[in-house]
Amino acid sequence: MSSANPSLPLQQPSFPATPTFWAHESAAIKQGIKTGLAGTIAYVIYAGWHLPQGYWAVFAALVVTQANLGASWKAALYRTIGSTAGALAAALLMPLLGKETVGVGLVLFVLATFFTYLAALHPAFTAAGFTAAIILVFGGISEPWHTAWLRVLYTTEGAFVAFAVGALLWPVRAREGLRLKIANILDGAGALYRAVTAAALQGVDNEDEVRTLDHKLHDLRRGITQQMDEARSELTFSRFNESAYQQVVELADQMRRRLTAMAEDSSLYVHAQVEPGLVPSLPRLAERTAQNFTDLAEATRKRTGPLESAGLDSAIRDLESDLAHLRSQRATAPFALDRMLPFWALVFNLREVAQDLKQLESLLPLLA
């Protein structure tokens, strides 16, 4: 099926440029620097003030900074809660069962079992069992309550250092990262859409390119659930409209699945080869939809206002008018099934992708 409107040539599909080494690896490099700096600051405090057992602050700073890329305050809070719970539980139970090997072993078994169960329910207790084991082992050498107090104190100190470094040095803004990821998905979807419509409407033989773009789009989708969790828990003074972001992600997934199905059927669209003029509005709808992918991605990335979508609205109305005329004339009735079914599938999918984009545009102002 070729285009009936050569004045509206479809853009050649283009994917976001391959990022540079720094753009691709900067997050990991920055995180490594922050982790090293947090550990060094905690060590300087420990060595400078000659703090007894202050090395636990160094360990806590390293663990907390390394544990969470997007919301270090949460990792710091969980580490403090877990250490406090483990230290208090060990200090309370050790005097009851004594410091003998059997008593310590029994307490260790009970607390390790209990805190592992709690950690499975909530990550705040991840450090509790480890801390309890430290108090039980080293508390037998010294006073358990004193060991517990130092453990909690230095864990809090290390967590505070980790939080301060994370907040002041290259702070990770999870919401901006989430918006950027959504924008990249839209760019990828637009590239795949252009490739599929080029094959369907212009007969371009780009099966390998369509397959490659489809795989890239799937890769872009990975990790967005974790990005949502980090954005949801990020410490900030502005409200996070979780429901709007969730709707955007679900709509993007729906569109991605539709485009993947279209990519798998692209060879069938080429084979259908419906003559020009059958649906004259189809090339214009494809062109406007492709442009709206680009505009929507840019608006999502830059947090701009509502888009001007009158052109897409007009293209959808023209398509509906052409399809109504097509049905009334029963123009596709003479076609064989291997031509009729791919044709109607293509028309339906192009219309639905355009409608999905319209819905995404309506959610854009809500992404706060």
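The values are calculated or read from the model by the stated rules, or taken from the named source; none is laboratory data. Not measured: the values here are computed from a predicted model. Cβ: placed from backbone, ideal geometry, glycine included. Neighbour counts: every protein chain shown.
Quick rundown of the values:
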| read-out | value |
| --- | --- |
| Selection within region 156-195 - in contact with a Leu (Cβ under 7 Å, 6 or more places away or on another chain) and among the β-branched types (Val, Ile, Thr) | 165, 172, 185 |
| Test result for residue 335, within 21 Å of residue 199 (Cα to Cα), among the aromatic types (Phe, Trp, Tyr) and part of a helix (DSSP H, G or I) | no |
| Selected residue [under 36 Å from the mean Cα position of the chain (by Cα), of a type in the set (A, V, I, L, M), surrounded by fewer than 19 Cβ atoms within 10 Å (Cβ to Cβ) and assigned to a helix (DSSP H, G or I)] from 346, 363, 350, 326 | 363 |
| Some residue of region 114-136 being in contact (Cβ under 8 Å) with a residue 40 or more places away in the chain and over 38 Å from the mean Cα position of the chain (by Cα) | yes |
| Members of region 19-64 found to be at positive phi and surrounded by 13 or more Cβ atoms within 10 Å (Cβ to Cβ), listed by number | 53 |
| Residue within region 251-272 that is touching a Ser or Thr at 6+ places or on another chain (Cβ under 8 Å), outside any helix (DSSP H, G or I) and more than 25 Å from residue 365 (Cα to Cα) present | no |
| Of all residues in region 146-164 being surrounded by fewer than 17 Cβ atoms within 10 Å (Cβ to Cβ) and within 17 Å of residue 95 (Cβ to Cβ), the one that is farthest from the chain's Cα centre (by Cα) | 146 |
| Residue 153, sole failed condition from (1) touching a Pro at 6+ places or on another chain (Cβ under 7 Å); (2) closer than 25 Å to residue 64 by Cβ; (3) modelled with pLDDT of 90 or more | (1) |
| Filter result for the condition that a residue is assigned by TED's automatic domain parsing to the domain that holds residue 162, within 19 Å of residue 163 (Cβ to Cβ) and among the small types (Gly, Ala, Ser), over 36, 48 | 36 |
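Residue-by-condition table, conditions (1) farther than 30 Å from residue 166 by Cβ; (2) surrounded by 19 or more Cβ atoms within 10 Å (Cβ to Cβ):
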residue: 197; (1), (2): yes, yes
residue: 200; (1), (2): yes, yes
residue: 207; (1), (2): yes, no
residue: 212; (1), (2): yes, no
residue: 216; (1), (2): yes, no
residue: 220; (1), (2): no, yes
residue: 226; (1), (2): no, no
residue: 230; (1), (2): no, yes
